[in-house]
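Read the structure below first, then the notes.
The values are calculated or read from the model by the stated rules, or taken from the named source; none is laboratory data. In this text the structure is predicted, and so the values were computed from the model without any measurement. Positions of Cβ are backbone-derived with ideal geometry, glycine not excepted, and every protein chain shown enters the neighbour counts.
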Amino acid sequence: MAKKRTAAAPRDATDTATIHDVKLRRGAGGELHQTAEGDTPVLTTAQGGPVADDQNSLRVGPRGPLVVDDFHFREKIFHFDHERIPERVVHARGYGAHGFFETYESLAAYTKADLFQRAGERTPAFVRFSTVAGNKGSADLARDVRGFAVKLYTQEGNWDLVGNNIPVFFIQDAIKFPDLIHAAKQEPDRAFPQAQTAHDNFWDFISLTPESMHMVMWTMSDRAIPRSLRFMEGFGVHTFRFVNAKDESTFVKFHWKPKLGLQSVAWNEAVKINGADPDFHRRDLWQAIQSGNFPEWELQVQLFDQEFADSFDFDVLDPTKLIPEEILKPQPIGRLVLDRMPENFFAETEQVAFMTQNVPPGIDFSNDPLLQGRNFSYLDTQLKRLGGPNFTHLPINAPKCPFAHFQQDGHMAMRNPVGRVNYQPNSFNEGPRESPTRGHRPFPAEEQGTKARLRPESFADHYSQARQFFISQTPPEQRHIAAALTFELSKVETPAIRERMVSHLLNIDETLATTVAQKLGLQPMPKPADAAVATRQDLEPSPALSIVENGPKRFEGRKLGILVTDGVDAKLLNGLITAVNKEKGTCELIAPKVGGVTASDGSLVKAHHMIDGGPSVLFDAVALLTSVEAIDDLVAEAAARDFVADAFQHCKFIGYDQSAMPLLAKAGIADALDEGILALPGEDGLSGFVAELGKLRVWGREPSVKLGKA
Ligand code: HDD
């Protein structure tokens, strides 16, 4: 009997097969391709038919019309016309990576969640980072919240921890979410601004929503312009529950802490990065993973009981509040490592469907109204985006543990129950049955109350933690918040909205409010907003809220941009690269021509960028390794001057050899050499220079360059 003629891969097939004398080769997805001469697969239609000519449509004569029986043309164009799916209504721009989560110790005392039972257990993970407001093609360095969505493929089902890089949220009730997002995204009549909150609608909504003040302090801080996705924290935001085998519940808040510490950019830098490399964050993640520098976060949890929750004046169910780490220290429970990029962006990063309601047994929800509203929303959005109820059949969304159910049919069903019985209970004793012992059971919390639309009194304090955040920042970070507010409100055209915002700021910090008002030219000063101010308390500063206080101590994972010319001192250059690499940093070379330069020893050194293509905003620090012969030509290049001037105004460390002095002079900083502008190799040698780079910025310089001064 003839072998089955099919494009589907037989289970036991090897890399090649021969069917009806046609040589076949297995593709990445297990499919078989017909092979032409050599090992090149034959191009086929989606139906598997070999294609003879893919360059010319079928037509009548050389100048005649096309004909309708060109099924290959029809199929090719039809498929192209349907390539796009709706982008996410929020978090449209994102980038994902695969990895694993590793549990440190058993957490059986707190949770029966299978992934937390055994020390050293690894659970496959997929993480998608995103901005919120911008469209899919917007730039990475928008001033925005970053999504931090983690899918853990546990042995008892997928757990999606769909968080942000900010531990609180704008609103307390999910019913306000459409308004918040409408106000933040482009205004509907003019369709701009793109990926920016600096416009009337956003600040109008915010200034009428006092509960958003805490989150606004975060979004106006440098948290909203991270240097890299690898250098930011993630938060589950809400209070969740751990539930153990005895049905005992412990409240839990989740924190992802980056191993490489926190780091952000300056606003002026962000604006320039968006022009120089709109894909800055995704390129950075791609490069890090492809080069084996796998980003890592520690999962830490704040665990507490009802009695502890009751000790606060605020409510742990209120998503606009956090529990300061100094009051309840987060405990490390595992680590997340991202070690593999998707093979296909669309199949994985675009089609991944996160849903807050995906929780395994042992993890449960609290009565946070925002969380409960989210649990309702995410399923709907996947249906819209992915086009049908079978999106769990997509490999990126399918569980990696055994699963069995009677859901069937629908668009694009790839798996249906086999056999006669597709229901339960059934008397044929076939198919899966529920398991009261293993299955997810909600924590049996007792609930009572009158059904009503209301906001509890315990959610009323909107300013105490906003103030706490502000006073926990270092002076440069406070300056940046004031500058960000000034910038954003300067783009607001309606004076009453500016005033309303300043009246809220007065309840947060008077100096902040006055600075912003002065810089806006606001007169007279408005009165403080009267929204529930009576509840405001003076909370202690929390250093854990500062980025500068929690930055790295080393240059590891960072990038030095070295501007080189012909005649560069080969020993100095090689020594510097070695010293940076030893510290697990990387170097990129910028030269007048991308082909490279000839070093002092005659060797050809290839460059990564020409000067226009590699501005200093792309690097964490810079070095100027030039030569006496080439410096005049370099000084003549405006881009070289900008390279140095920007590095200076962004408070970066600048290493230089003496020949580069004219360039420093051209950039206007030869007379302003400070502790961050270091001659190379320097007294402590190149390793001493690289150790200094670990401080990342020379914030003491900032007032003199007026950067970030509101
Ligand atoms: Fe949301 C996407 C995070 C409130 C409704 N959200 C989405 C993503 C992240 C968050 C990271 C992107 C997931 C991905 O990469 O695919 N959202 C949050 C956080 C919130 C929050 C941390 C507050 C604590 N979200 C929130 C509310 C609602 C939604 C209150 C609706 C009531 N979110 C959605 C959504 C999205 C979404 C419309 C759009 C795309 C998607 O779900 O998959 O359902």
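Picking from Glu102, Glu87, which residue would you name as being within 16 Å of the ligand (Cβ to nearest atom) and at pLDDT 95 or above? Break it down stepwise before answering.
On the way: Glu102 fails: within 16 Å of the ligand (Cβ to nearest atom).
Exactly one residue qualifies, and that residue is Glu87.
So is Gly120 of a type outside the set (A, V, I, L, M, F, W, C), away from the ligand (no atom under 14 Å from the Cβ) and outside any strand (DSSP E or B) or not?
Details: of a type outside the set (A, V, I, L, M, F, W, C): yes; away from the ligand (no atom under 14 Å from the Cβ): yes; outside any strand (DSSP E or B): yes.
Criteria met by Gly120.
Sort out which residues of the stretch 461-486 are surrounded by fewer than 19 Cβ atoms within 10 Å (Cβ to Cβ) and among the aliphatic types (A, V, I, L, M), and write them in order of number.
Once the filter is applied, which keeps residues that are surrounded by fewer than 19 Cβ atoms within 10 Å (Cβ to Cβ) and among the aliphatic types (A, V, I, L, M), the stretch 461-486 yields only Ile471.
So Ala198 passes all but one of these: (1) in a helix (DSSP H, G or I); (2) of a type in the set (A, V, I, L, M); (3) surrounded by fewer than 24 Cβ atoms within 10 Å (Cβ to Cβ). Which condition number does it fail?
For Ala198, the exception is condition (1).
Return the residues of the stretch 449-506 that are farther than 28 Å from Phe312 by Cα, under 28 Å from the mean Cα position of the chain (by Cα) and in a loop (DSSP other than H, G, I, E, B); say none if nothing qualifies.
Of everything in the stretch 449-506, those that are farther than 28 Å from Phe312 by Cα, under 28 Å from the mean Cα position of the chain (by Cα) and in a loop (DSSP other than H, G, I, E, B) turn out to be Lys491, Val492.
Just the residues that are buried (at least 21 other Cβ atoms within 10 Å of the Cβ) and part of a loop (DSSP other than H, G, I, E, B), please, taken from the stretch 93-109.
Answer for the stretch 93-109, where residues must be buried (at least 21 other Cβ atoms within 10 Å of the Cβ) and part of a loop (DSSP other than H, G, I, E, B): Arg93, Leu107.
For the condition over 16 Å from the mean Cα position of the chain (by Cα), farther than 19 Å from Asp620 by Cβ, at pLDDT 95 or above and assigned to a loop (DSSP other than H, G, I, E, B), what is the one hit in Val301, Val316? Before you say what the answer is, go through the steps one by one.
Details: Val301 fails: assigned to a loop (DSSP other than H, G, I, E, B).
Among Val301, Val316, only Val316 is over 16 Å from the mean Cα position of the chain (by Cα), farther than 19 Å from Asp620 by Cβ, at pLDDT 95 or above and assigned to a loop (DSSP other than H, G, I, E, B).
Please verify whether Thr356 is under 22 Å from the mean Cα position of the chain (by Cα), outside any helix (DSSP H, G or I) and either on the phi < 0 side of the Ramachandran plot or of a type in the set (A, V, I, L, M) (or both), treating the condition exactly as stated.
Working: under 22 Å from the mean Cα position of the chain (by Cα): yes; outside any helix (DSSP H, G or I): yes; either on the phi < 0 side of the Ramachandran plot or of a type in the set (A, V, I, L, M) (or both): yes.
Yes; evaluated as a whole, the condition is true for this residue.
One residue is enough: does the stretch 174-181 have a residue meeting the conditions in contact (Cβ under 8 Å) with a residue 40 or more places away in the chain, buried (at least 19 other Cβ atoms within 10 Å of the Cβ) and not in a helix (DSSP H, G or I)? Quick ask: steps written out before the conclusion?
Step one: filter the stretch 174-181 for residues in contact (Cβ under 8 Å) with a residue 40 or more places away in the chain, giving 174-175, 177, 181.
With the extra rule that they be buried (at least 19 other Cβ atoms within 10 Å of the Cβ), the set shrinks to 174.
Filter again for not in a helix (DSSP H, G or I), leaving none.
The answer is no, given that none of the residues of the stretch 174-181 is in contact (Cβ under 8 Å) with a residue 40 or more places away in the chain, buried (at least 19 other Cβ atoms within 10 Å of the Cβ) and not in a helix (DSSP H, G or I).
Which of (1) closer than 21 Å to Phe129 by Cβ; (2) more than 23 Å from the chain's Cα centre (by Cα) does Gln407 not meet, given it meets every other one?
(1)
In the stretch 60-69, is there at least one residue being more than 22 Å from Lys257 (Cα to Cα), buried (at least 22 other Cβ atoms within 10 Å of the Cβ) and among the basic types (Lys, Arg)? Give the steps one after another, and end with the answer.
First pass over the stretch 60-69, keeping only residues more than 22 Å from Lys257 (Cα to Cα): 60-69.
Remaining after also requiring buried (at least 22 other Cβ atoms within 10 Å of the Cβ): none.
Checked the stretch 60-69: no residue is more than 22 Å from Lys257 (Cα to Cα), buried (at least 22 other Cβ atoms within 10 Å of the Cβ) and among the basic types (Lys, Arg).
One residue is enough: does the stretch 535-542 have a residue meeting the conditions in contact with a Pro (Cβ under 7 Å, 6 or more places away or on another chain), at pLDDT 95 or above, under 28 Å from Leu328 (Cα atoms) and surrounded by fewer than 22 Cβ atoms within 10 Å (Cβ to Cβ)?
Start the filter on the stretch 535-542 by keeping residues that are in contact with a Pro (Cβ under 7 Å, 6 or more places away or on another chain), which leaves 542.
Now restrict to residues that are at pLDDT 95 or above: 542.
Next cut, under 28 Å from Leu328 (Cα atoms) only: 542.
Pick out the ones that are also surrounded by fewer than 22 Cβ atoms within 10 Å (Cβ to Cβ) and you get 542.
Yes, the stretch 535-542 has at least one match.
Given the condition among the small types (Gly, Ala, Ser), over 19 Å from Arg223 (Cα atoms) and part of a loop (DSSP other than H, G, I, E, B), answer yes or no: does some residue in the stretch 132-147 qualify? Reasoning before the result, please.
Within the stretch 132-147, the first condition is being among the small types (Gly, Ala, Ser), and the residues that meet it are 133-134, 137-139, 142, 147.
Restricting the remaining residues to those that are over 19 Å from Arg223 (Cα atoms) gives 137.
From the residues that got through so far, the ones that are part of a loop (DSSP other than H, G, I, E, B) too are 137.
Within the stretch 132-147 (the criterion being among the small types (Gly, Ala, Ser), over 19 Å from Arg223 (Cα atoms) and part of a loop (DSSP other than H, G, I, E, B)), the answer is yes, since at least one residue qualifies.
Hey, could you check the stretch 394-421 for residues that are within 20 Å of Thr349 (Cβ to Cβ) and buried (at least 16 other Cβ atoms within 10 Å of the Cβ) and say which is farthest from the ligand (Cβ to nearest atom)?
Leu394
Can you tell me which residues in the stretch 605-632 are touching a helix residue (DSSP H, G or I) at 6+ places or on another chain (Cβ under 9 Å) and of a type in the set (D, E, K, R)? Before you say what the answer is, go through the steps one by one.
Start the filter on the stretch 605-632 by keeping residues that are touching a helix residue (DSSP H, G or I) at 6+ places or on another chain (Cβ under 9 Å), which leaves 605, 609-632.
The answer is Asp612, Asp620, Glu629, Asp632.
Restricting the search to the stretch 147-165, which residues are under 26 Å from Trp267 (Cα atoms) and more than 8 Å from the ligand (Cβ to nearest atom)?
Step one: list which residues in the stretch 147-165 are under 26 Å from Trp267 (Cα atoms), which gives 147-149, 163-165.
Listed by number, the list holds a single entry, Asn165.
Give me the helices (runs of 4 or more DSSP H) completely within the stretch 596-710, filtered to those with at least 2 residues that are modelled with pLDDT of 95 or more, ordered by residue number.
Working: elements: 631-635, 638-649, 661-666, 685-693, 702-705.
By residue number, 631-635, 638-649, 661-666, 685-693.
So which of Ser311, Ser264, Ser249 ends up being among the small types (Gly, Ala, Ser) and either within 19 Å of the chain's Cα centre (by Cα) or not assigned by TED's automatic domain parsing to the domain that holds Phe129 (or both)? Give the steps one after another, and end with the answer.
Numbers: Ser311 fails: either within 19 Å of the chain's Cα centre (by Cα) or not assigned by TED's automatic domain parsing to the domain that holds Phe129 (or both); Ser249 fails: either within 19 Å of the chain's Cα centre (by Cα) or not assigned by TED's automatic domain parsing to the domain that holds Phe129 (or both).
Answer to the check: Ser264.
Taking the condition of being crowded, with 19+ Cβ neighbours inside 10 Å, assigned to a loop (DSSP other than H, G, I, E, B) and more than 16 Å from the ligand (Cβ to nearest atom), how many residues in the stretch 230-260 meet it?
Selection size over the stretch 230-260: 1.
For the stretch 491-530, enumerate the residues that are of a type in the set (Gly, Ala, Ser) and surrounded by 14 or more Cβ atoms within 10 Å (Cβ to Cβ). Steps first, answer last, please.
So the first thing to find is which residues in the stretch 491-530 are of a type in the set (Gly, Ala, Ser), and the list is 496, 503, 513, 517, 521, 529.
Ser503, Ala513, Ala517, Ala529, listed by residue number.
Based on what the data block shows, is Phe148 under 26 Å from Ala398 (Cβ atoms), under 20 Å from the mean Cα position of the chain (by Cα) and crowded, with 20+ Cβ neighbours inside 10 Å?
On the way: under 26 Å from Ala398 (Cβ atoms): yes; under 20 Å from the mean Cα position of the chain (by Cα): yes; crowded, with 20+ Cβ neighbours inside 10 Å: yes.
Yes.
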